[in-house]
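None of the figures in this text is laboratory data; all of them are computed from the coordinates on show. Because the structure is a prediction, the values reported are computed rather than measured. Ideal geometry is used to build each Cβ from the backbone, glycine not excepted, and the neighbour counts take in all protein chains shown.
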Amino acid sequence: MSHRPRPFLALLLAILPQLVLGADGSTLTGTWHIDLARSTDLSPWKGYDLEISTSADSVTLRRKLSWGRREFIDTMTVEPGAAETIVPVEMWPDNRHLGAYIGAAKARHVHAQWLDGHRILRLSTDLVLETQQGSRDVNILSDYKVSANGAQLTLTELRSTRSRPIVYQFSHVAPTTP
Amino acid sequence: MKSVLAGFFALALTTVGLAFQSPPRQVAHAPERATLIPLSENWRMEGDVPVHALLISLQGLANRTEPHVYLEYPKSWQWEIVHPLIGFLEKRHHITFDRLGMDDADAALTRFAKYAKGCVVWDKAVRSSLIVAFTVSGLEDLVVVSEDQLPLAEKHGLKPQVDLRGKFTGQPDHAIYQWAYDQYFDRCSRDYYVVMGGHAGAEMQPGIADFGIQQRAFFSDLSANPKHPEELALLKKILGRQNQASVVLGWHSYGKDTEGQHTTLVGNFGLIMEGLHNLPNVSFTSQIPLTPDFKFTNNHHVQRAEKLTAGKKVYVCTVATDAMGIGAWTKPGRGKIPYTWQVLMNWVWMNPPALQYFYEDKSPNDYFIGGLSGPGYMYPKAIPADKFPALMKTGRELMAKLDLRVLEIMDYSEGNRHVGNTDLPKEVVDRYYEQYPDVLGFINGYGTARTFDLRDGKPFLSYDYYLDVNRPVDEAAADLEELIQLNPQRPYFLLMHVRESNTVEKVSAILDGLTEKVEVVPLDVFLKLAASAKTYRTHFQQPTDAVDRNP
């Protein structure tokens, strides 16, 4: 058996990094599927799919949370480096097992920035949650980091009201061939 | 003499306040001997369902006037109360069980074939024909058999009276049940309808069928899903012909519609949902009276008019719904901390010995409340206003009988713990305050909800936390600490719903892991404290709240 790479395979390996890079060269671009076994418990959801697309000056994140037939989908586009993006939101799906609900303004204020040469996207999100006792300001720091080989994405969330960090691990979903 | 006493007990049950017309009759006392038949673990249609269907139908017929047969469902059965109840019936009711071999239909027919007039043959190629056969069984006193079991039936003198083989080949369910409706519905019970759903496809768990057969109920697994318009139309016709505030037994089909859709539809007709499809032995247990020395007594911690004053601290109350019978009651830790349990109130007539078992087995830390939303499982937003009082009158009377002073409410007609809302508009809250003037208060939700109120010293509180079965202890502790952060005023009243199979031991470990000291109290104390310091804001469902119809 020969160990010499075949010409087609060698070509594919050479262009693969370019295939998964976004327009701005970020390795975040693509579709990601949560690895539940390696993540913080996702309850009440059982599925989390993340699609990230990038352009020269913006990033769009589409997340789909699901539990059987029930699902929640939201999309936001942010501009890294810009002062703030106001994102409308219908509900706060992050932990529906807590008695905390999106405030009357139904908005998130998001500040985005690139770190480490577009390998890491950091979001700082301010929102208001309503509880039985009234309104509460909450900040969420979210880091989206891609592994060196581009196969794994780690989302770390630090919520100002929660002592424990939340860590979700995602695997890259290869595009299906037509 | 026995029949006179049976009539007396039936009358006594009626005066308890059952809204429907004919509650099951009870015997004067439990029988000295009964037959116990173990059932295997296999509930596959091509496996042991045929023999189980035969035995369950035989049980329904043999138990029609007196309790003769108790089926010992496997240890894995969702209603784990099956096994502890055997020991309780032996000990407190002095029943001696004659045990037959597992799935031994031959021995069972030797004893009980005399209660049948023949057999109805279902078609193994058409699953729904078995559900039709249950209807036929109850109406015509026929044992349910498959083709393979005909020689066995013949051996015991049971000849085919109705043969469904080939009758429904290639037909959709709405056509099959329409035929059954046309043939049999007029003669079926108007007090009970059985939705023989739950497990679908290759599996069936018809544990409730013995009672449905005993009561001559109509069976189907018709869908409440608008995606199945023909089935939905027939289901509406059936529900619309049942008596006011009568009972829908069983459970929606996992293969056709959703719990939210079906329970909402049942509520639209002002009927009472009583699950599940696999609830076993009701034809037996419903006839067993309470022992003469027993009375339902709760662990009350406060007097009705008593006032308590809350301190500047966090109060936690843990409530387990669905956990008596299918959950944590028999699991480790019970009695360790104050714990509140929702009682299946209709078991006062469906399963008196099981309720007696729970009440006698309670620890000083166990406190009982009524639910869900009334006499059975119902969504109040789905119930027309004019049908609400009759149902709630029954609920009040069941609560009085069971010594219950708090009502738990759940409404998934417009959402669930993932999407939509589980809250109540003010007019529905008004109805509860009007219908239950003697309660200490109300709790609402299943997942979390945000309906809060306080009237005349009676709080209306919603769950602030839902403990998922699979939530790890450290994450659950972090959840509670986050709620404590999000609600900075003290006192803070943290009402926690514990999903049924979480153990008390796990809940205790979660609470032990909190960095802020909290006080865990039973629900009656919790409500009295909440009445003293209204740190929660009055809130009702808003017209702008998201709605999800549980498609």
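Using the crude model of +1 on Lys and Arg Cβ and -1 on Asp and Glu Cβ, and no other charge, please compute the dipole size for the range A:50-120 relative to its Cα centre, in debye to 20. Kindly include the intermediate steps, with their values, before the conclusion.
On the way: 9 positive and 9 negative charges, 81 e Å.
Using Cβ point charges on Lys, Arg, Asp and Glu, the range A:50-120 gives about 380 debye.
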Of all C-alpha pairs within the range B:260-342, those more than 17 angstrom apart amount in percent to 73 percent
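Could you work out the mean count of beta carbons from other protein chains within 10 Å of each residue's beta carbon in B:476-482?
Numbers: counts 3, 2, 8, 7, 1, 4, 10.
Partner-chain Cβ atoms within 10 Å, mean over residues of B:476-482: 5.
Just to check, using Stokes-Einstein with a Kirkwood Rh over alpha carbon pairs, what's the diffusion coefficient of the range B:122-277 at 20 °C and 1.002 mPa s in µm²/s?
For these conditions, the coefficient is 137 µm²/s.
How much mean residue ellipticity at 222 nm does chain B get from its helices, if each DSSP H run of length 4 or more adds -39500 (n - 2.57) and you divide by all residues, to the nearest 500 deg cm²/dmol?
Per the formula, -10000 deg cm²/dmol.
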Given the peptides B:41-53, B:432-444, arrange them by the average over their residues of other C-beta atoms within 10 Å, most packed first.
-> B:432-444, B:41-53
Dividing the mean separation of Cα pairs under 8 Å (6+ apart) by the residue count of chain B yields a relative contact order in percent of 15 percent
Cα centroid distance between the range B:486-512 and the range B:174-199, in Å?
-> 43 Å
Please report, in cubic angstrom per residue, the volume enclosed by the convex hull of the alpha-carbon atoms of the range B:415-551.
-> 129 Å³
Here the averaged projected area of the range B:158-225, based on the convex hull of its alpha-carbon atoms and given in nm², is 5.9 nm²
Find the centroid of the Cα atoms in the range B:30-98 and in the range B:290-341, then give the distance between the two in whole Å.
-> 30 Å
What is the percent of Cα-Cα separations in the range B:83-159 that go past 16 Å?
-> 59 percent
According to the Kirkwood expression over distinct Cα-Cα pairs, how big is the hydrodynamic radius of the range B:321-432, in Å?
-> 15.2 Å
At q = 0.13, 0.17 Å⁻¹, what is the base-10 log of I(q)/I(0) for the range B:240-392 according to the Debye formula with one equal point scatterer per Cα and no solvent? Please give it to two decimals.
-> -0.75, -1.14
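Looking only at other chains, what is the average number of their beta-carbon atoms within 10 angstrom of each beta-carbon in A:91-98?
6
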With N set to the residue count of the range B:377-428, report its C-alpha Rg divided by 2.2 N^0.38 Å to two decimal places.
-> 1.27
Rounded to a whole number, the mean other protein chain Cβ count within 10 angstrom for residues of B:483-492 is 5
Quick one: compute the contact order of the range B:374-506, relative version, from alpha carbon pairs under 8 angstrom and 6+ residues apart, as a percent.
-> 18 percent
Go through B:K295/B:K387; A:K106/B:K387; B:K256/B:K381; B:K312/B:K458; B:K236/B:K387 and tell me which ones have a Cα-Cα distance over 26 Å in this structure.
-> B:K295/B:K387; A:K106/B:K387
Residue order, fewest to most surrounding Cβ atoms within 10 angstrom, among B:C188, B:C119 = B:C188, B:C119
Provide the packing ranking of B:496-509, B:465-478, i.e. peptides ordered by the mean count of other C-beta atoms within 10 Å per residue, highest first.
-> B:496-509, B:465-478
How much of the calculated P(r) for the range A:67-178 lies past 18 Å, in percent of all Cα pairs?
-> 59 percent
If each Cα of chain B is one equal point scatterer, what is log10 of I(q)/I(0) from the Debye formula at q = 0.07, 0.10 Å⁻¹?
-> -0.40, -0.82
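Given the convex hull over the Cα atoms of the protein assembly as shown, what projected area results after averaging over all orientations, in nm²?
Mean projected area for the protein assembly as shown: 37.2 nm², to one decimal.
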